[in-house]
1. In sequence order, what are the phi-derived ³J(HN,Hα) couplings for segment 263-279 according to the Karplus relation 6.51 cos²θ - 1.76 cosθ + 1.60 with θ = phi - 60°, rounded to whole Hz, with x for glycine and proline?
2. Can you bin segment 1-43 into rounded, prolate or oblate? Criterion: square roots of the alpha carbon gyration tensor eigenvalues sorted a ≥ b ≥ c, rounded for a/c under 1.5, prolate for a/b above b/c, oblate for the rest.
3. Sum up the charges of everything whose Cβ sits under 12 Å from the Cβ of residue 211, counting Lys and Arg as +1 and Asp and Glu as -1, but leave residue 211 out.
4. For the chain, set up a GNM with springs between Cα atoms under 10 Å and report which of 81, 17, 39 has the largest fluctuation.
5. With angles folded into 0 to 90 degrees, how steeply does helix 119-131 sit against the dominant principal axis of the chain? Use alpha carbons for both and round to 10.
6. What is segment 180-284 by shape, rounded, prolate or oblate, if you read a ≥ b ≥ c off the alpha carbon gyration tensor as root eigenvalues and call it rounded for a/c under 1.5, prolate for a/b larger than b/c, and oblate otherwise?
7. Lys and Arg at +1, Asp and Glu at -1: add these up for the other residues within a Cβ distance under 12 Å of residue 339 and post the number.
8. Rounding to the nearest 20 debye, state how big the charge dipole of the chain is about its Cα centre with +1 on each Lys and Arg Cβ and -1 on each Asp and Glu Cβ.
Amino acid sequence: MKIKVLIVDDSALIRSVMNEIIRQQPDMEVVGVAPDPIVARELIKQTNPDVLTLDVEMPRMDGLDFLEKLMRLRPMPVVMVSSLTERGSEITLRALELGAVDFVTKPKLSIQSGMLEYAELITDKIRAAAKARVKPRTIAHADPHKAPIEGLPLIRNPLTSSEKLIIIGASTGGTEAIKDFLMQMPSDCPGILITQHMPEGFTRSFAKRLDSLCKITVQEAEGGERVLPGHAFIAPGHSHLQLARSGANYVTQLDQGPPVNRHRPSVDVLFDSAARFAGKNAVGVILTGMGKDGAAGMLAMRNAGAYNFAQDEASCVVFGMPREAIAIGAAHEVGPLQALPGMVLGYLAAHSSRALRV
């Protein structure tokens, strides 16, 4: 069975290029094109698509309003098509909160040739979306002064959180999974490094959004920052994020080397650096995502003494990266997203005395 795709975009050129890209795929078919959500609404009823590609900013009805109604009344996999602007990134992040599976960005120059270069990326995301578990979301608003969530283990020894590190990797569905995880972290949790597959420009907006919702400080890594308790660093979209040492301190390091597993930033690059420089002081977490980026790096972490957690299939949007890590024996424990923060903090609390002897 071919994946049935409905294209919704107010640009005739984008509709044409997307149509051309999708029709060239042997496992996909375009069942309709719509210039706005009003037309799309009728085409959804007529064609019953498997995946919808949706422009972020459109006339007649805002893309977010349409998405919110769609996810409430007829939840389905949606891939957003976004512009590489600050406004575009903010709207896209809200779309992911509302339940969109993933997004692609429109190229800044020469839209037609740029979109054709993106053909592999676009079609990969559509394939992943077709297999995704669609879960309607509501936008969360957290009080930064709120007490830690009741029932989570407390890390009572401050030396533990200064020595231990939490290293996180994610891709498709990861923006919401990371948000859900970080919102449960207490203000004195160990330093956190995160690689999420996102393009340049979006990671800064993502970090700002998380910072406004969480008790910990969240920022896009610039390179050279000390990794301190209560702080999380997001890999920027243009560089690999790595852990390094500067004397007795852990620090962030950026690298603009070639993509690894077709990604820059790559989860494997981050996990490999954690294996080298943190060893048994690292706790690895691999969340929802397409592909296998992070699996080999997580195994390297385990072999270096780290303790690792993987998100389970039922709570993943796409059970790709965690499945690969579990398959090669890289994960010690597997659990649902809502339980992972407690599992990680429980492990850290139970091993506090061990950390003192490092």
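1. These are the phi-based 3J(HN,Hα) values: 10, 9, x, 10, 5, 4, 4, 5, 5, 4, 5, 5, 4, 6, 9, 10, x Hz.
2. Numbers: a/c = 4.24, a/b = 1.41, b/c = 3.00.
Note, shape of segment 1-43 comes out oblate.
3. Working: positive: 179, 204, 208, 209, 215; negative: 220.
After counting each charged neighbour, the total is +4.
4. 39
5. Roughly 80 degrees between the two axes.
6. Numbers: a/c = 1.69, a/b = 1.09, b/c = 1.56.
Oblate.
7. Numbers: positive: none; negative: 180, 312, 333.
Overall, the nearby charge balance is -3.
8. Working: 39 positive and 39 negative charges, 136 e Å.
So the magnitude is around 660 debye.
The values are calculated or read from the model by the stated rules, or taken from the named source; none is laboratory data. Only a predicted model underlies this, so the values are computations on that prediction, with no experimental measurement involved. Cβ atoms come from the backbone with ideal geometry, glycine included; neighbour counts cover every protein chain shown. SASA here: full protein model, heavy atoms, side chains in, ligands and nucleic acids out. Shrake-Rupley method; radii C 1.70, N 1.55, O 1.52, S 1.80 Å.
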